[in-house]
Structures are given as structure tokens and as C-alpha cells.
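Remarks on the structure that follows.
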Amino acid sequence: MEFDTVVSAVGMDRSQYKSVHDVYVGGMQNVLNHLNENTGQLVYVSSTGVYGDFDGAWVDESSPTDPQRDGGKACLAAEELLKASRFADRTTILRMAGLYGNERIPTKSAVASKQWSKLSATGFLNLIHVDDAVQAICVVSDRRNFAETYLVADSNPTLRREYYQYLADQFELGPIPWSDARPDPNSRGSSSKRISNRKLLEQTGLVLKHPDFRSGLAGT
């Protein structure tokens, strides 16, 4: 198949009984096997899950990768597959923070149903509104930022407890009883880092519609 630009953004359907590795890495290999040599550009939507715990420190594209969860490990393996492929010099990798939008609000159901034990009171949360994620894909596709990796997050990493309390306030639930919060130590909420979007904004000229989660959730 011959295309000018190919965007690979993989979703995991756990009902199909496929492993994360099969879907992300095996799926990428299938894409590579079917692409024509004349394909102009390949944009891969990866994840900031390729990084480990940085104890709240800032992370940029030069930071060492150390994925702790299966999804992050699979994304990194797919990235490495791309970098070793014949399309390496035409590939742009976008490592996305947590996606949110009108129809996708992380932990909304847990907060609304007062499942406090599922929430983490510590660490930073990194998010990107779906509209800005799409903007990032479009801008790197238009500018042909080949052989580059960018972190895609909003400009204001937030403390998890501030984000969860914001949601609780929308439901008029009052202060969250943080003494009841006992999240799984292996969950996403067990790590803390702040994702820097500086390279993305400076090199592409992207202007975020929603530089923080409050802007993105206003009116939802």
C-alpha cells in the first residue's frame, strides 16, 4: 500500500484475548510489512509510559526510558522496531501523556462513586486534551519532522490530589478523605514525573488549546 503519511495510533481491545505485545509490536510489524517503499512519513503515537518513576522530577526526550508496565514496554518495543526499520528516517514518534476530553475523563467514575481507595494522593499527573493531541499529530505531519521524538503533554503537570479534588468538586462531594486512598502499588498512580513539552512547542510552533486540565474540562 502507498500513502503519503501513515499515523499509527493503537487501541487495546482486551476482549479479543490478544497480549499487549501482540497488539502493539506485532501490529506494528504488520503495518511495516504492508507499507510501500514510497510511503512519505510514518507517525507513531506512543506513550509517556515508556518512562519509569522520576520521583516528581522533570522528564524530557533525553531522559532514560524504563517502562514499568506492559503497555509502556510494548510501546517502547514498537518504537525500537520502527527505528530499526527501513522507515526510520521518515518516522516521527509522539509520546503522549494521558488523554482526556469530553467523552474521556480519567477516574471520573471512581470519583463520582466515591471509590476513594482507588485514588493516589501522591505524585504528579500528566495529561493532554484530545484536541491538542490531534493538533500535535497534524503539525508534525505537515512540518515533516522526520526522525524525531516528541513528548506530548499540556504545560502544567498537576498533583494527582488536585485533579481528583477538582473532579470531586464538580460532583459537590466535598473534600476527599485521603486517609481512605490505598491504590494498587503497581498502578499508574504509583509513579511520579513531570512531562516537559518544551521541545514540541519550540520546534513545531504548536499552540495548545488547553494548557492545563482545568481549561480542558471547563464546561464538561
Residue identified as at pLDDT 95 or above, over 16 Å from the mean Cα position of the chain (by Cα), outside any loop (DSSP other than H, G, I, E, B) and of a type outside the set (Asp, Glu) among Leu76, Leu82, Leu99: Leu82
For Arg143: the one exception among (1) over 20 Å from the mean Cα position of the chain (by Cα); (2) buried (at least 18 other Cβ atoms within 10 Å of the Cβ); (3) within 23 Å of Glu79 (Cβ to Cβ); (4) not acidic (Asp, Glu): (2)
Residues of segment 163-215 classified as at pLDDT below 90, outside any helix (DSSP H, G or I), small (Gly, Ala, Ser) and over 30 Å from Tyr150 (Cα atoms), total: 1
Cross-chain or 6+ apart pairs with Cβ under 9 Å, segment 147-174 first and farther than 19 Å from Leu208 by Cβ and small (Gly, Ala, Ser), then at pLDDT below 95 and in a loop (DSSP other than H, G, I, E, B): Ala168/Lys114; Ala168/Gly174; Ala168/Pro175; Ala168/Ile176
Inter-residue pairs, beta-carbon under 6 Å, first in contact (Cβ under 8 Å) with a residue 60 or more places away in the chain and in segment 83-97, second assigned to a loop (DSSP other than H, G, I, E, B) and crowded, with 20+ Cβ neighbours inside 10 Å, 6+ apart: Ala97/Asn126; Ala97/Ala153
Some residue of segment 10-25 being closer than 18 Å to Ala147 by Cβ and either of a type outside the set (D, E, K, R) or free of Cβ contacts under 8 Å to residues at least 12 places away in the same chain (or both): no
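The values are calculated or read from the model by the stated rules, or taken from the named source; none is laboratory data. Please read these numbers as outputs of a predicted model, since none were measured by experiment. Ideal geometry is used to build each Cβ from the backbone, glycine not excepted, and the neighbour counts take in all protein chains shown.
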